[in-house]
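First comes the structure, then the notes that go with it.
Every read-out reported here was derived from the displayed coordinates using simple, explicitly stated rules and does not represent laboratory data. Source: prediction; values computed, not measured. Neighbour counts are summed over all protein chains in view; Cβ atoms, including those assigned to glycine, are modelled from backbone coordinates with ideal geometry.
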Amino acid sequence: MDNQKIKPIIEALVFASQDVLSTKKIADLLEEKESIVKEAIFSLQNDLILRGIGLVYVAGGWRFQTRPEFSKWIKKLRPTRKIRLTKPSLITLSIIAYKQPITKGEVEVIRGVNSEGPIEHLMKLGLVEIAGQKKAPGNPYLFRTTKKFLSLLGLGDISALPKIENV
């Protein structure tokens, strides 16, 4: 298929998907090479430059989102409910994000206090999930951040987190 035929199909797939779509998933659905799909995606992004929405890579896949410069009007339409995190939860989330996968015990060693409450809160918010169990005495759970975490921060993947500066 040529680029002009693929672009509207990609647009429809991304629009209809409830979750982000990876380039590989799109290529599989179209039965095309990933390189051809990437080229069509970049062309579609270019087509949308002067529009109110953009095609962005977030949390390991593609989605449409409104451009930041229109947030003033979007907020009037639909006020967003902000996720509020306590300082202990924010510190715990930061530790998990940078050290994942990590056990509760390892988080507690870094924080110096019990972290059960903050981890439970972060799990209820969908920002942290269980990633498996560590092969260690007691087989403790390993925790990692979720796609929702990446999506809220607008990150393609965890490697896009800002680097920690040595102080």
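For Leu142, the requirement of being more than 30 Å from Val37 (Cα to Cα) and crowded, with 16+ Cβ neighbours inside 10 Å is met. Tell me which of these Ile74 doesn't satisfy, since it passes every other one: (1) surrounded by 13 or more Cβ atoms within 10 Å (Cβ to Cβ); (2) closer than 21 Å to Gly156 by Cα; (3) of a type outside the set (Ser, Thr, Tyr). The failed condition is (2).
Give the residues of segment 16-32 that are out of contact with any strand residue (DSSP E or B) (no Cβ under 6 Å at 6 or more places or on another chain) and either of a type in the set (A, V, I, L, M) or closer than 13 Å to Arg63 by Cβ (or both), sorted by residue number. Of everything in segment 16-32, those that are out of contact with any strand residue (DSSP E or B) (no Cβ under 6 Å at 6 or more places or on another chain) and either of a type in the set (A, V, I, L, M) or closer than 13 Å to Arg63 by Cβ (or both) turn out to be Ala16, Ser17, Gln18, Asp19, Thr23, Lys25, Ile26, Ala27, Leu29, Leu30. Filtering segment 7-55 to residues that are surrounded by fewer than 17 Cβ atoms within 10 Å (Cβ to Cβ), β-branched (Val, Ile, Thr) and over 22 Å from Lys147 (Cα atoms) leaves Ile9, Ile36, Ile49.
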